[in-house]
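Mind having a look at this structure? Questions to follow.
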Amino acid sequence: MRKASSIELTRRALDLVEHGDTTRSDDIYMSPVESYICPEWLAQEKAILFKEYPLLVAFSCDLPNAGDFITNDDVGVPLLVIRDKKGQINAFFNTCQHRGSKLVTGCGRAQGGLICPYHAWNYEFDGELKVIPDAVSFPGVNKAERSLKSLPVVEKYGMIWVCPTPGKTFDIDAQLGGLSSGMVDDLKAYEFQNYHPYAQRRMHRKMNWKLLLDTFLEPYHFAPLHATTVGPLVHHNMCLLDTYGQNLREAVIRKSIDKLADEPEDNWDFPLHSALVYMLFPNAGLIMQRDHVELWRSYPVADKPDECIVQMDYYIPEPAETQSAKDHWERNMDLAVNTVIKEDIPGVEGIQVGLSSGALTHSTFGRCEPALIHFQREIAKSIGRA
Ligand code: FES
Ligand SMILES: [Fe+2]
């Protein structure tokens, strides 16, 4: 984070601490329960948010070398993202142009081309078909016309976005709120291309996909829900919020910030005394902790509004090469990630049961939950249900 932003955020946070206050929206927001339980609502979200928007699918450091690939079966099409020999990132349907077999599964490094496991058609990492075994049996099949079907992809700020609709173009800076927005400034300054993937967790949960993000977007639940984990470390019900188009940055303030009031501004390092949540619309939450970053994404499952796939990717600034480094990161993950997996997620799964029960027509978001209001309002607007 740039020094000027760090100082500005620290000043705003100290002001909240001094007044025992938080950032508040103008009014409460009544969020219709339909948003979490209605199959038609979900169908619209899938058709618009998961079809027309750029989705954050990886960090550049997940695919540092030629042939490195990831796949993703959660975005509505079988997706393959791979780095080619020129260093360019490509996104394709993970689908062989012979008869449609899946080319690769999971993630890894392809050697000697992308070789289809079914009949061994062999593609370059840039999607070009280079070998058809027994080519004589395919008269008239022009290899130049059988490249892998590509999808729009952009790599920037150490991150990779894909839009799962062929031919669609997107301007990622505009989507992030504009080139001169604080969001772009922050993402640039973090230099995620220099991070290292450390761990990944994937789970199928019984909750609407938005509930994962909801739980990151208000610290009103910190003291009650996280009483024995992260709750004691942060100022309860206190946040800073900045919005950038449909995206936002919310900062939760650690109590350790209090002592900065007596220190010169030069020592003010805001990320050390906060947890910064970047909501990258529509489905990614980036959590900058003091020493690492977590990327949380969620995806709807089929046509079920009350189920989702959650994926968490944990990135660290230096590779964990020694046993003591590994022990350190395991302990670190234990607090940060387990708090979400053992407290937040079960909490919102309980909310899903409540919302599905018919006991209420609306969720009431309080004025102290402005980030949550921004997110839900932008979702509703984007599918024409504002
Ligand atoms: S389906 Fe891929 S080579 Fe036949
Ligand atoms: Fe939480």
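The values are calculated or read from the model by the stated rules, or taken from the named source; none is laboratory data. Please read all numbers here as calculations on a predicted model, not as lab measurements. Here the Cβ is made from the backbone with ideal geometry for all residues, glycine too, and neighbour counts use every protein chain on show.
Among the strands (runs of 3 or more DSSP E) lying completely within region 24-72, list those that include at least 2 residues that are out of contact with any helix residue (DSSP H, G or I) (no Cβ under 8 Å at 6 or more places or on another chain) and free of Cβ contacts under 8 Å to residues at least 60 places away in the same chain.
Details: elements: 29-32, 55-59, 68-72.
Here the list reads 68-72.
Next question, about the same structure. What about Pro64, is it surrounded by fewer than 16 Cβ atoms within 10 Å (Cβ to Cβ) and either modelled with pLDDT under 95 or outside the structural domain of Val252 (by TED's automatic domain parsing) (or both)? Working first, answer last.
Numbers: surrounded by fewer than 16 Cβ atoms within 10 Å (Cβ to Cβ): yes; either modelled with pLDDT under 95 or outside the structural domain of Val252 (by TED's automatic domain parsing) (or both): yes.
Taking the combined requirement at face value, the residue satisfies it.
Here's a follow-up. Could you check region 192-290 for strands (runs of 3 or more DSSP E) lying wholly inside it with 2 or more residues that are within 15 Å of the chain's Cα centre (by Cα)?
Result: 196-205, 247-254, 274-280, 284-288.
If only one of Leu276, Leu240, Leu233, Leu225 is surrounded by fewer than 18 Cβ atoms within 10 Å (Cβ to Cβ) and in contact with a Lys or Arg (Cβ under 7 Å, 6 or more places away or on another chain), which one is it?
From the options Leu276, Leu240, Leu233, Leu225, the qualifying one is Leu233.
Let me ask something else. Pick from region 1-23 the residues that are under 16 Å from Glu218 (Cβ atoms) and assigned to a loop (DSSP other than H, G, I, E, B): which of them is nearest to the chain's Cα centre (by Cα)?
It comes out as Thr23.
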